[in-house]
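These notes concern the structure reproduced below.
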Amino acid sequence: GQLLESIPNCNFPIYVGGPVAQESLFFVHSRFDLLLSGEEVAPGIYFGGDEEKLIEAIQTDSIKPDELKFFIGYSGWSAGQLDGEIKENCWAVQNKYHHQLIFEGNGELLWKDAIIGLGPKYAHVANFPQSPGLN
């Protein structure tokens, strides 16, 4: 509520998106049909959009938590940095997923589902404890 003072009765959670621009609020959504805005970043997933339409959709309860996520900050890389990290196997990349996975309310389940979706090579990682050092 404190971060979204301009949106009365807004009870959507806010996630930490990354260390860059943590004074800014960002959002992703799956309701282009409702907001008529946003940049499609993956099939059925839109970044940003018309803030007035978003506020109206929240106030009229037209958009639900499984269709919208707010983030403070974002993660960023310099030109070519992410491609280099992927080539070095620093990241496990999955391009085939159900877009609703992005809007999973429980971050732990989202992570587990994403890892399992990578296939048998990575599935065992989904059962690692949150802090392996405490195991």
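Could you check, for region 92-103, whether at least one of its residues is closer than 28 Å to Cys10 by Cα, modelled with pLDDT of 80 or more and not small (Gly, Ala, Ser)? Scanning region 92-103, I find at least one residue that is closer than 28 Å to Cys10 by Cα, modelled with pLDDT of 80 or more and not small (Gly, Ala, Ser), so the answer is yes. Just one residue in the set Ser131, Ser78 is modelled with pLDDT of 90 or more and of a type in the set (S, T, N, Q); that residue is Ser78.
Scanning region 31-69 for residues that are open to solvent by 80 Å² or more (accessible area, probe 1.4 Å), out of contact with any strand residue (DSSP E or B) (no Cβ under 7 Å at 6 or more places or on another chain) and hydrophobic (A, V, I, L, M, F, W, C) yields a count of 1.
Restricting attention to region 45-99, the residues that are closer than 28 Å to Leu4 by Cβ and of a type outside the set (Phe, Trp, Tyr) total 29. In the set (1) closer than 28 Å to Pro129 by Cβ; (2) loosely packed, with under 15 Cβ neighbours inside 10 Å; (3) not aliphatic (A, V, I, L, M), the condition left unmet by Phe103 is number (2).
Taking the listed residues Gly73, Gly84, the one that is closer than 21 Å to Val20 by Cα and either assigned to a strand (DSSP E or B) or in contact (Cβ under 8 Å) with a residue 24 or more places away in the chain (or both) is Gly73, with no other qualifying. Just so you know, in region 8-24 the residues that are under 21 Å from Gln100 (Cα atoms) and assigned to a strand (DSSP E or B) include one that is most open to solvent (accessible area, probe 1.4 Å), and it is Val16.
The values are calculated or read from the model by the stated rules, or taken from the named source; none is laboratory data. Computed from a predicted structure; not experimentally measured. Please note: Cβ atoms are built from the backbone with ideal geometry, for glycine as well, and neighbour counts cover all protein chains shown. What goes into the accessible areas is simple: the full protein's heavy atoms, side chains included, and nothing from ligands, DNA or RNA. Shrake-Rupley method; radii C 1.70, N 1.55, O 1.52, S 1.80 Å.
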